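Report on the structure given below.
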Amino acid sequence: MTTPPTALMITPDRPIDGAPAVRRVFALDQDHGAVVRAEVLATALGVCEVRVNGVLVSTDLLTPGWTSYEWRLRYAQWDATPLLAGSSVDQAVIEAVIGSGWYSGHLGWDGNSEVYGAERAALVELRILFADGHVQTVGTDETWTSLPTETTADDLYDGQRIDRRVEMGDRFAAAPVPGEGGVRVVPFDAARLTAYTSPAVRRQEEIAPIRVWRSPAGALLADFGQNLVGWTRLSVRGIAGQEITVRHAEVLDEEELGTRPLRRARATDVFVLSGADDVFEPTLTFHGFRYVEVSGWSGADDDLAAALRAVVIGSDLTRTGTFRSSHPLLNRLHENIVWGMRGNFVDVPTDCPQRDERLGWTGDLAAFAETAVYLYDTEAFLADWLRDLAVEQEHADGRIPIVVPDNLKYEEIGAMAAAMGSSLVIALWNDAACWVPWAVYEAYGDAGVLADQYASMAGHVRRVGAALSPRGLLEGGFQLGDWLDPTAPPDAPHLAKADPAVVATACVRRSVAIARDAARVLGHDDDAAEFDALAARIGDAFVEHWVRDGRIHSDAPTVYALAIVFGLLDGADRTAAGDRLAELVAEAGHVITTGFAGTPFILTALSETGHLETAYRLLLQEECPSWLYPVTMGATTMWERWDSMLPDGTINPGEMTSFNHYAFGAVATWLHRVVAGLAPAAPGHSRVRIAPRPPAIGLTFAETALDSRQGRIATGWSVEDGVLRVVATIPEGVTAEVSLPSGFAAEGGAGVHEWSEPFPGLVAGSAAKVPSVVSTGETAT
């Protein structure tokens with residue numbers, strides 16, 4: 001691995017509006033032969049883009065991303081050889097443009113900025129290897145200069161202003177540049193530097209508008225047909241000084257751009273034309289949007305469609321898991337889950353990518369982790385984020401923050417924060433310390449993540465032990481509970497029907513069990529015994545105090561789902577809980593009555609206790625609230641609230657609503673494991689379970705595939721004329737445990753396998769009504 005850079009952190013020596021550049025003109029060392037290799041190491045207090053002789057060194061975006069800056073600042077390592085190889089020129093120029101990024105720009109929902117610091121700065125080091133082995137190093141120090149750039153304002157939430165009239169001369173030549181001044185060194189502890197291990201943020205694809213039109217108020221609007229994360233690129237020629245403003249939003253409201261859900265985030269880019277051919281691409285910001293409003297455009301409306309593109313960005317993750325079925329709404333739901341994850345995995349796993357928040361909420365990821373590790377190869381991404389969780393925990397006396405990185409510790413966020421501060425443990429949110437590394441371990445089979453995070457996991461569960469009441473329960477204090485239960489008051493989403501203490505106790509008991517299992521994997525036998533005893537204590541207390549004659553205290557679907565899936569019940573209690581859960585679902589009309597805690601597990605709880613058809617009725621429900629309701633309303637990502645858009649097409653009136661929140665997309669795990677029938681049976685998928693469970697009505701086929709560490713694993717089923725046919729492809733080194741609905745069981749090794757059996761539940765012509773057209777218009781009217 002390349003050694004860390006030794007350059008200094010520098011900033012302009014005077015105020016500069018917008019994104020400044022720091023640069024250095026330097027002479028290549030002579031008499032050492034040709035340049036054979038060059039690399040750039042770069043980081044920033046903010047974000048940076050580095051050019052050598054006017055050419056971007058890397059297509060990476062928003063470098064160095066967002067980490068717990070106080071203790072970890074990543075540096076990128078880029079190959080610059082093509083820009084200097086064989087060069088015999090006497091002089092070259094290296095430049096870094098510095099955006100505010102997460103460091104000094106707006107962050108959080110209270111309008112705060114400069115949370116980590118007021119000064120944006122950069123640290124850049126160019127290392128050049130010559131033919132004779134000589135190495136020349138050019139690093140940021142007091143000899144560099146600074147200058148303004150055409151980016152006269154930039155902010156992740158508010159957007160970017162680019163003025164192509166800014167006179168910069170030839171900033172990649174040796175001559176002085178207008179406005180050039182000095183720099184000063186910023187005190188910085190180089191021990192904070194750490195190499196990138198997480199995938200960089202990059203451009204993923206480009207999307208053309210599917211429609212350009214005028215709103216009733218005369219605004220020029222464009223629809224890209226997909227709620228996405230990134231920015232727009234605009235190619236234009238016009239009068240020098242002409243301004244084009246691009247505003248972004250996820251939905252339309254009364255046929256105009258629906259910006260209310262963005263709250264304080266302006267999500268607006270401004271482009272000032274030079275008078276020549278201009279291409280604008282605001283790479284120092286990003287937006288969550290499907291629609292844009294363009295003002296100042298002087299060309300024909302139809303010409304905008306050719307001039308405008310949406311650039312989709314995200315952490316450069318490899319897609320690994322897929323799903324497809326005979327139900328088009330279900331397929332669109334799965335795609336919405338994928339798009340929701342793509343848009344929220346932009347360096348940090350955020351709650352939403354569009355409004356004045358975009359934080360790494362731990363509860364969202366705890367709920368979604370098992371889905372995330374299937375859909376994409378997230379091993380390195382999540383391992384890096386977990387390092388921030390651990391370092392935040394270490395510096396907070398063992399308390400795990402509810403967001404990672406934790407910017408909230410610097411902010412005044414009101415009465416709820418004060419209440420949360422009274423609780424030693426905020427269940428589900430804090431449980432990410434155990435749930436996420438375990439999901440990574442199960443998916444990829446490398447115990448390294450458990451070893452790396454073990455101190456964090458053990459510290460969390462010991463904190464749980466200290467927080468238990470004398471009854472052995474996690475009760476008292478404040479809990480977020482079954483957040484966003486649709487039956488809770490719209491302005492108090494933590495007031496779910498499920499008792500928060502029951503939810504909290506179930507969640508932390510799962511964490512203790514995970515920590516016990518991790519201790520066993522790592523050979524920490526004494527810890528395993530300690531955690532096993534703690535898990536038993538919590539489990540016994542749960543049943544003693546909260547389970548009576550098959551009923552669980554608060555009698556809400558979520559408490560039954562958690563108790564069943566987390567192994568808190570046995571025998572008759574488990575059976576009774578499954579029956580009661582199915583009864584509650586039916587009484588509610590097979591619509592969703594769970595929030596963040598219960599939703600990921602309710603279908604599993606039903607199917608594991610003999611209520612498969614009830615689970616399918618809940619899954620395939622199209623009335624609000626349900627998973628498919630947003631799809632029928634034209635959603636192209638997952639929503640924060642089950643009714644972020646109301647049935648009449650208006651936006652939920654609440655202050656907090658987002659149209660791109662991935663947490664409720666955790667249902668995809670049930671689609672993979674139960675509907676299509678592929679689940680891990682050993683860490684890393686060295687053993688898998690092939691156990692599809694088709695419904696009696698509603699689907700005629702389903703299939704899934706996973707590019708695992710062992711190779712591609714695929715399974716699918718179809719029903720025709722009363723016969724169920726299951727096909728599975730198993731790679732070398734993997735054993736499949738097969739279980740069919742009839743009770744047939746077998747094991748199989750590598751190869752393509754096929755099984756068939758009578759399936760009287762679904763016969764020709766009996767499939768439930770399936771929509772022939774899926775709406776793609778996500779608008780409020």
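The values are calculated or read from the model by the stated rules, or taken from the named source; none is laboratory data. Remember, it's a predicted structure, so these values are computed and weren't measured experimentally. As a convention, Cβ positions derive from the backbone with ideal geometry for all residues, glycine included, and neighbour counts pool all protein chains shown.
Restricting attention to segment 296-331, the residues that are under 21 Å from V270 (Cα atoms) and surrounded by fewer than 17 Cβ atoms within 10 Å (Cβ to Cβ) total 9.
Among the residues of segment 388-398, which ones are of a type outside the set (A, V, I, L, M, F, W, C) and buried (at least 21 other Cβ atoms within 10 Å of the Cβ)?
D388, E392, Q393
Looking only at segment 96-119, count every residue that is in contact with a Cys (Cβ under 8 Å, 6 or more places away or on another chain) and on the phi > 0 side of the Ramachandran plot and tell me the total. Total satisfying the criteria: 0. Taken over segment 202-244, the residue count meeting the criterion of being buried (at least 17 other Cβ atoms within 10 Å of the Cβ) and farther than 22 Å from F659 by Cα is 6.
Considering only segment 205-224, I want to know if a residue exists there that is small (G, A, S) and closer than 30 Å to G139 by Cβ. No, the conditions are met nowhere in segment 205-224. Contact map, segment 553-578: first residue without any contact (Cβ under 8 Å) to a residue 24 or more places away in the chain, second residue surrounded by 15 or more Cβ atoms within 10 Å (Cβ to Cβ), Cβ cut-off under 9 Å, separation 6 or more or different chains; pairs are D570/V543; A572/G550.
If you go through segment 576-602 and keep only what is farther than 18 Å from L495 by Cβ, in contact with a Pro (Cβ under 7 Å, 6 or more places away or on another chain) and not in a helix (DSSP H, G or I), you end up with just V591. Within the set A533, A504, the sole residue that is at pLDDT 95 or above, of a type in the set (G, A, S) and under 30 Å from G654 (Cβ atoms) turns out to be A504.
Could you tell me whether any residue of segment 58-70 is loosely packed, with under 15 Cβ neighbours inside 10 Å, assigned to a loop (DSSP other than H, G, I, E, B) and either over 38 Å from the mean Cα position of the chain (by Cα) or among the hydroxyl-bearing types (S, T, Y) (or both)? Within segment 58-70 (the criterion being loosely packed, with under 15 Cβ neighbours inside 10 Å, assigned to a loop (DSSP other than H, G, I, E, B) and either over 38 Å from the mean Cα position of the chain (by Cα) or among the hydroxyl-bearing types (S, T, Y) (or both)), the answer is yes, since at least one residue qualifies.
Is it true that some residue in segment 200-217 is at pLDDT below 95 and of a type in the set (G, A, S)? No, segment 200-217 contains no residue that is at pLDDT below 95 and of a type in the set (G, A, S). Of all residues in segment 292-326 being of a type in the set (D, E, K, R) and not in a strand (DSSP E or B), which is farthest from V212 (Cα to Cα)? Restricting to residues being of a type in the set (D, E, K, R) and not in a strand (DSSP E or B), the top hit is D316. Output the residues belonging to segment 224-245 that are of a type in the set (A, V, I, L, M, F, W, C), without any contact (Cβ under 8 Å) to a residue 60 or more places away in the chain and within 25 Å of L62 (Cβ to Cβ). Across segment 224-245, the qualifying residue is only I244. Among residues of segment 22-57 being modelled with pLDDT of 95 or more and part of a loop (DSSP other than H, G, I, E, B), the one that is nearest to R127 (Cα to Cα) is V57. Restricted to segment 689-737, and to residues that are of a type in the set (K, R) and either touching a Phe, Trp or Tyr at 6+ places or on another chain (Cβ under 9 Å) or touching a residue at least 60 places away in the same chain (Cβ under 8 Å) (or both), which residue is surrounded by the fewest Cβ atoms within 10 Å (Cβ to Cβ)? Applying the filter and picking the extreme gives R725.
Yes/no matrix, rows are residues, columns are (1) among the charged types (D, E, K, R); (2) over 23 Å from the mean Cα position of the chain (by Cα):
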position	(1), (2)
R673	yes, no
A679	no, no
H685	no, yes
R693	yes, yes
G698	no, yes
G711	no, yes
W717	no, yes
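Check segment 649-656 and report whether any residue there is touching a residue at least 24 places away in the same chain (Cβ under 8 Å), of a type in the set (A, V, I, L, M) and out of contact with any Lys or Arg (no Cβ under 6 Å at 6 or more places or on another chain). Yes: segment 649-656 contains one or more residues that are touching a residue at least 24 places away in the same chain (Cβ under 8 Å), of a type in the set (A, V, I, L, M) and out of contact with any Lys or Arg (no Cβ under 6 Å at 6 or more places or on another chain).
Within segment 721-736, the set of residues being in a strand (DSSP E or B) and more than 17 Å from F323 (Cβ to Cβ) comprises V723, L724, R725, I730, T735, A736. Each residue in segment 261-291 was checked for being touching an Asp or Glu at 6+ places or on another chain (Cβ under 6 Å), closer than 15 Å to A19 by Cβ and surrounded by fewer than 20 Cβ atoms within 10 Å (Cβ to Cβ), and 0 of them qualify. With respect to the stated conditions, E754 is over 33 Å from the mean Cα position of the chain (by Cα) and modelled with pLDDT of 95 or more. Filtering segment 561-574 for residues that are assigned to a strand (DSSP E or B) and either farther than 17 Å from P500 by Cα or in contact with a Leu (Cβ under 8 Å, 6 or more places away or on another chain) (or both) leaves an empty set.
Does any residue of segment 406-418 turn out to be at positive phi, modelled with pLDDT under 95 and surrounded by fewer than 24 Cβ atoms within 10 Å (Cβ to Cβ)?
yes
Taking the numbered list (1) in contact with a Phe, Trp or Tyr (Cβ under 9 Å, 6 or more places away or on another chain); (2) outside any loop (DSSP other than H, G, I, E, B); (3) surrounded by fewer than 21 Cβ atoms within 10 Å (Cβ to Cβ) in turn, E114 passes all entries but (2). Among the criteria (1) more than 25 Å from H524 (Cα to Cα); (2) within 23 Å of the chain's Cα centre (by Cα), the one L450 does not fulfil is (1). Within segment 332-370, restricting attention to residues that are out of contact with any Leu (no Cβ under 9 Å at 6 or more places or on another chain) and in a helix (DSSP H, G or I), which residue is surrounded by the most Cβ atoms within 10 Å (Cβ to Cβ)? Selected residue: N344. Any residue at all in segment 87-108 that's in a loop (DSSP other than H, G, I, E, B), within 23 Å of the chain's Cα centre (by Cα) and among the aromatic types (F, W, Y)? There is no residue in segment 87-108 that is in a loop (DSSP other than H, G, I, E, B), within 23 Å of the chain's Cα centre (by Cα) and among the aromatic types (F, W, Y). Among the residues of segment 450-469, are any more than 24 Å from V436 (Cα to Cα) and either surrounded by 21 or more Cβ atoms within 10 Å (Cβ to Cβ) or modelled with pLDDT of 95 or more (or both)? Yes.
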